[in-house]
Each structure stands twice: as structure tokens, then as C-alpha cells.
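Asks: Sending over a structure as C-alpha cells; questions will come in a sec.
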Amino acid sequence: GAGGFGVPVAVTAPLLVGLGFSPLAAVLIPTIGHGWAVTFGSLGSSFNALMSATGLDAATLSPSASLFLGLAALPTGLMVVHAADGWGGVKRLAAKAMIIGGVMGGVQYLVAVKLGLWNIGSFAGGMAGLIVGVAIAGWGEASPTSRERIEAKPLLIALSAYLVLILFTVGILLIPPIFVPELKQALGEIAIKVQFPETMTALGYISPAGTNKPISIFTHAGAILLYASAAAFVIYKRAGLYAAGAGKRIVSDTARKMMTSSLSIALMVAMAVVMQQTGMTEALAQGLANSVGMAFPAVAPWIGAIGAFMTGSNTNSNVVFAALQMRTAELLAYSVPIILAAQTAGAALASVVAPTKLIVGASTAGMEGEEGRVMRAVIGYIGGLVLFISLLTVLGTIFD
């Protein structure tokens, strides 16, 4: 929910190996299991990219996107159980997996759509699933002969960063609109907004003048993450978990690690804007509409999936292909929110098998050099999930 870009597998796989799972199962379980949460994870960075690329707001996009991804959590649970323990495990744990998947998807929808907190939709869904999972884990199982007591203080300190993130997100995004609407309006007015002139290509394609999607200085997801990070640092510092000079090392290491991903995203955005402003997206949309026609709803999730596999993330796929998907949907008179939900859902589910993420996951489970084996084992599961989204998209456009 808070992490992304390979972090879920990198953190979880070693823990599963320590619990006795085989290295392959330890990689497969989190790889398959977190795809449903990608779009509304990482403080909603992928969803934010979807909004920025299309110019549509969260109220328009979040219902369909969270519904598709929430429903995908149901087969995801069954696939995780199958990857861990085969068909025997599915028969034994199917009910629990479906309950947990339903809770995660339902809470994500509630938080992202009804509360408008799409920044923490996946985080809330994952936490709810964890709580329910712990509660029902013992159903039908033999009672343990002994229980290990967990001290509350170390656990609270360990979770404090996530608790602070939730408090800042809720406090900034939810409380002002309800209790202090004037404050929300004042904070929203402090934003980066640039006026762009009308442009025309040599072939006569005109892009009208307009402004960018305003970037709020105080309420942007990046700003919230910065506030929460600073508060968490203070908590861990006072708890004696950081040595002298830790702050400088954290800042320098973070800056060094973010350069590659930040540069790639910036270049992706630049390419997408050039394509849109010069008419290339329009030409591709017309060609796509003419070539696939009425089959477009079934194809849309696969475009997002291929984009995520090629570029390495849900965010990049949305940046590159969201405008194309939207324009094609308009040309074919399909529901734009449903098609864009297919785009981001397909990209989210397929982003987990991007080569860079598989390399990271395999290395943390002691499977360096066996990435091909991991890919062969996981590709069928992910293909099945994207196919499931294709079915939902077709049904959604039929009954829209």
C-alpha cells in the first residue's frame, strides 16, 4: 500500500522463505498477491498518472477502477493459495481466501470511492485483509499448543510510520472538506499552474491553449508522503533507532535511488505529451479503432498489461497509453471510465511481472539467475487475471 516498484516482493519473499516456503513459492505468493493493489498503492501514484494523462478527476475514474481491481482480488486469493499449496490448498483454504479477497476489495472501494481517499485505498484494503486474515486463520485448524507473546511497544513503534501516514492523509484530505471547507479551498489555491499556448504542427494538427492539471503544493500525494516521512523520522530518532548522521544518509541514499526511476518517468511523460500534442495519439487511436472495432473492450486491458511489462510499472503504462485508450473509447462510443479502468487494472496486474521487479524479487529469495523459472511459473496466473479483467470490461460496456 505505501511501498511499490518491487518493494512488496522484496520485503515479503525473504520472510516467507524464513517461514519454510520454497524460494519459488516465496516469490510467487507476493508477486501474484499484490497486483490488485498497485493502482491505488504507493499513495496512488499510478492513479494520479491516470488522472494527469486524461484530465479526468478521481470522482469519474475511481469507481470503475476500484471495482475492477477489487473484483480481481477474489481470483487473486485463490491463485496465491494454489501457488503456495496446489489444488489441495485451494480446496482447503478457498473460503478463507475469498473472504479475505472480498474484504480487501470492498474496503479499497469504500476508501477510494466513498471516502475519496484514493491515496490510501490499497493500504486500507490490505490492512483490513490482514486483520480479517488473522481473525479467521484458525477456522478449521488445530489450536496451537503454545503462543508467543508479542510486546506492544516494539510493534507500535514499527507500525508508527504507517499510522502517521494514515493520520496525515486523513487529516489533510478528509477533515478539511468536512469540517473546515475554507481551509481546503485555501490550500487548493496554492498550486503550480502553467498556461500553455496553442500549437499547430506542420501537418495542421492544432492543440488548443490551456493549463496543466494544478499541482497542489500542500495537498499533493508527494507532499503528504514528505510530511509523514519527516514525522516518522522524528519518532524513530527519539526511539533510539537512528545513529548520529542518519538523516543525511537517508536523504542522500533516497536521492541516489530515485534518480533512475524519476528520470525514466519524466522521459515517459515527455514522450506521451509530445505524442498527444502532435496528433500521434489521435492517429494511433483511429488506427486502433479501425483495426479492433467492437473487440476493443476485450483488448483494452492487454494494452495496459503490455505497457506495464514494457515500461516496468503501472504508472508508466498509464502515462503512455491512457490518452490513447480514452480517445479510442470516444471514437468507438464506449464508456471512457470503464475503458480506463481496464487500462489501469490490466497494467497493475501485469506490472508485477516486469523483468526489473522479478529480478529484485528473485534475488531476495536466493534465486539469482533463475528469473526465467519464476517468469514461467507466474505468467499463467497473471494472464488469467488480465483475461478476467477483459471479461469484466466486456460486461461493463454491454450493461453500461
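Asks: Being modelled with pLDDT of 80 or more and more than 30 Å from ALA95 (Cβ to Cβ) narrows it down to one of ILE131, ILE175, ILE157, so name that one. Even if it seems obvious, please write down each step before you answer.
Replies: Numbers: ILE131 fails: more than 30 Å from ALA95 (Cβ to Cβ); ILE175 fails: modelled with pLDDT of 80 or more.
Within the list ILE131, ILE175, ILE157, the selection yields ILE157.
Asks: Residue under question is ILE389, and the condition is that it be more than 25 Å from ALA58 (Cβ to Cβ), in a helix (DSSP H, G or I) and of a type in the set (Val, Ile, Thr); does it hold? Give the steps one after another, and end with the answer.
Replies: On the way: more than 25 Å from ALA58 (Cβ to Cβ): no; in a helix (DSSP H, G or I): yes; of a type in the set (Val, Ile, Thr): yes.
Here the answer is no, as ILE389 does not meet what is asked.
Asks: Would you be able to say whether some residue in region 116-123 is modelled with pLDDT of 95 or more, closer than 22 Å to TYR162 by Cα and buried (at least 20 other Cβ atoms within 10 Å of the Cβ)?
Replies: Just the residues of region 116-123 that are modelled with pLDDT of 95 or more, to begin with: none.
Scanning region 116-123, I find no residue that is modelled with pLDDT of 95 or more, closer than 22 Å to TYR162 by Cα and buried (at least 20 other Cβ atoms within 10 Å of the Cβ), so the answer is no.
Asks: Also: Could you give me the residue pairs with C-beta distances under 6 Å whose first residue belongs to region 150-166 and is at negative phi, whose second residue is at pLDDT 75 or above and surrounded by 10 or more Cβ atoms within 10 Å (Cβ to Cβ) wherever it lies, and which are 6+ apart or on separate chains?
Replies: Every condition considered, the pairs that remain are ILE157/ALA239; SER160/ILE235; ALA161/ALA232; VAL164/ALA228; VAL164/ALA231; VAL164/ALA232; LEU165/ALA228.
Asks: Also, quick follow-up: Looking at LEU226, LEU263, LEU241, LEU267 in this structure, which one is within 24 Å of the chain's Cα centre (by Cα), modelled with pLDDT of 85 or more and farther than 17 Å from THR54 by Cβ?
Replies: Numbers: LEU263 fails: modelled with pLDDT of 85 or more; LEU241 fails: within 24 Å of the chain's Cα centre (by Cα); LEU267 fails: modelled with pLDDT of 85 or more.
Testing whether each residue is within 24 Å of the chain's Cα centre (by Cα), modelled with pLDDT of 85 or more and farther than 17 Å from THR54 by Cβ leaves just LEU226.
Asks: So which residues in region 281-298 are closer than 15 Å to ILE339 by Cβ and without any contact (Cβ under 8 Å) to a residue 12 or more places away in the chain?
Replies: Of all residues in region 281-298, those closer than 15 Å to ILE339 by Cβ come to 281, 284-285, 288-289, 292-298.
Scanning region 281-298 gives VAL292, ALA295.
Asks: Restricted to region 49-96, and to residues that are touching a residue at least 60 places away in the same chain (Cβ under 8 Å) and polar (S, T, N, Q), which residue is surrounded by the most Cβ atoms within 10 Å (Cβ to Cβ)?
Replies: My answer is THR76.
Asks: Okay, moving on. Regarding region 383-392, can at least one residue be identified that is out of contact with any Gly (no Cβ under 7 Å at 6 or more places or on another chain), modelled with pLDDT of 95 or more, of a type in the set (A, V, I, L, M, F, W, C) and closer than 24 Å to GLY86 by Cα?
Replies: Looking only at region 383-392, we keep the residues that are out of contact with any Gly (no Cβ under 7 Å at 6 or more places or on another chain), and these are 383-384, 387-388, 390-392.
Those left that are additionally modelled with pLDDT of 95 or more: 383-384, 387-388, 390-392.
If we keep only those that are of a type in the set (A, V, I, L, M, F, W, C) too, we end up with 387-388, 391-392.
With closer than 24 Å to GLY86 by Cα added as a condition, the list becomes 387-388.
So far as region 383-392 goes, yes, one or more of its residues are out of contact with any Gly (no Cβ under 7 Å at 6 or more places or on another chain), modelled with pLDDT of 95 or more, of a type in the set (A, V, I, L, M, F, W, C) and closer than 24 Å to GLY86 by Cα.
Asks: Output yes when any residue across region 90-105 is in a helix (DSSP H, G or I), closer than 18 Å to LEU43 by Cα and at pLDDT 95 or above, and no when none is.
Replies: So in region 90-105, the residues in a helix (DSSP H, G or I) come out as 90-105.
In the following step, the residues that additionally are closer than 18 Å to LEU43 by Cα were identified as 104-105.
Retained after the next criterion (residues that are at pLDDT 95 or above): 104-105.
Yes, some residue in region 90-105 is in a helix (DSSP H, G or I), closer than 18 Å to LEU43 by Cα and at pLDDT 95 or above.
Asks: Considering region 230-242 alone, what residues qualify as being free of Cβ contacts under 8 Å to residues at least 40 places away in the same chain and either in contact with a Lys or Arg (Cβ under 9 Å, 6 or more places away or on another chain) or not aliphatic (A, V, I, L, M) (or both)?
Replies: Looking only at region 230-242, we keep the residues that are free of Cβ contacts under 8 Å to residues at least 40 places away in the same chain, and these are 230, 233-234, 237-238, 240, 242.
Within region 230-242, PHE233, LYS237, ARG238, GLY240, TYR242 meet the criteria.
Asks: While we're looking at this one, here's another question. Quick test for you: out of LEU395, LEU349, pick the one residue that is of a type in the set (A, V, I, L, M, F, W, C), modelled with pLDDT of 90 or more and under 15 Å from the mean Cα position of the chain (by Cα). Outline the logic, then answer.
Replies: Numbers: LEU395 fails: under 15 Å from the mean Cα position of the chain (by Cα).
It is LEU349.
Asks: Take SER46 and tell me if it is at pLDDT 95 or above and crowded, with 24+ Cβ neighbours inside 10 Å. Please lay out each step first, then the result.
Replies: Details: at pLDDT 95 or above: no; crowded, with 24+ Cβ neighbours inside 10 Å: yes.
Judged against the criteria, SER46 is not a match.
Asks: Further question: Cβ contacts < 8 Å: first residue within 23 Å of ALA49 (Cα to Cα), restricted to region 187-214; second residue among the aromatic types (Phe, Trp, Tyr) and modelled with pLDDT under 80, any location; separation 6+ or different chain. Result?
Replies: Filtered contacts from region 187-214: LEU187/PHE218; ILE190/PHE218.
Asks: Moving on to the next point. Under the condition of being of a type outside the set (A, V, I, L, M, F, W, C) and touching a Leu at 6+ places or on another chain (Cβ under 7 Å), which residue from region 300-359 is surrounded by the fewest Cβ atoms within 10 Å (Cβ to Cβ)? Before you say what the answer is, go through the steps one by one.
Replies: Kept after step one, since they are of a type outside the set (A, V, I, L, M, F, W, C), are these residues of region 300-359: 301, 304, 307, 311-318, 325, 327-328, 330, 334-335, 337, 343-344, 346, 351, 355-357.
Okay, now just the ones that are also touching a Leu at 6+ places or on another chain (Cβ under 7 Å), so 318, 325, 328, 337, 344.
On the way: ASN318: 33, GLN325: 32, THR328: 27, PRO337: 21, THR344: 32.
Among residues in region 300-359 that are of a type outside the set (A, V, I, L, M, F, W, C) and touching a Leu at 6+ places or on another chain (Cβ under 7 Å), the one surrounded by the fewest Cβ atoms within 10 Å (Cβ to Cβ) is PRO337.
Asks: Something else now. Is one or more of the residues making up region 247-269 not hydrophobic (A, V, I, L, M, F, W, C) and not in a helix (DSSP H, G or I)? It would help to see each step written out before you state the result.
Replies: Going residue by residue through region 247-269, those that are not hydrophobic (A, V, I, L, M, F, W, C) are 247-249, 252-254, 256-257, 260-262, 264.
Adding the requirement that they be not in a helix (DSSP H, G or I) leaves none.
No, every residue in region 247-269 fails to be not hydrophobic (A, V, I, L, M, F, W, C) and not in a helix (DSSP H, G or I).
Asks: Give the residue, chosen from VAL9, VAL17, that is under 18 Å from ALA354 (Cβ atoms) and β-branched (Val, Ile, Thr). Even if it seems obvious, please write down each step before you answer.
Replies: On the way: VAL17 fails: under 18 Å from ALA354 (Cβ atoms).
Testing whether each residue is under 18 Å from ALA354 (Cβ atoms) and β-branched (Val, Ile, Thr) leaves just VAL9.
Asks: Could you please find all residues in region 16-42 being among the hydrophobic types (A, V, I, L, M, F, W, C) and surrounded by fewer than 24 Cβ atoms within 10 Å (Cβ to Cβ)?
Replies: Selection gives LEU16, VAL17, LEU19, PHE21, LEU24, ALA25, ILE29.
Asks: State yes or no: is ALA13 touching a residue at least 40 places away in the same chain (Cβ under 8 Å) and buried (at least 24 other Cβ atoms within 10 Å of the Cβ)? Let's see the steps before the verdict.
Replies: Details: touching a residue at least 40 places away in the same chain (Cβ under 8 Å): yes; buried (at least 24 other Cβ atoms within 10 Å of the Cβ): yes.
Answer is yes for this residue.
Asks: Here is a further query. Taking the stated definitions as given, is THR328 in a helix (DSSP H, G or I), among the hydroxyl-bearing types (Ser, Thr, Tyr) and under 30 Å from SER22 (Cα atoms)? First the steps, then the outcome.
Replies: Values: in a helix (DSSP H, G or I): yes; among the hydroxyl-bearing types (Ser, Thr, Tyr): yes; under 30 Å from SER22 (Cα atoms): no.
Criteria not met by THR328.
The values are calculated or read from the model by the stated rules, or taken from the named source; none is laboratory data. No experiment lies behind these values; they were computed from the predicted model shown. Don't worry about glycine lacking a Cβ; one is built from the backbone with ideal geometry, like all the others, and counts go over all protein chains shown.
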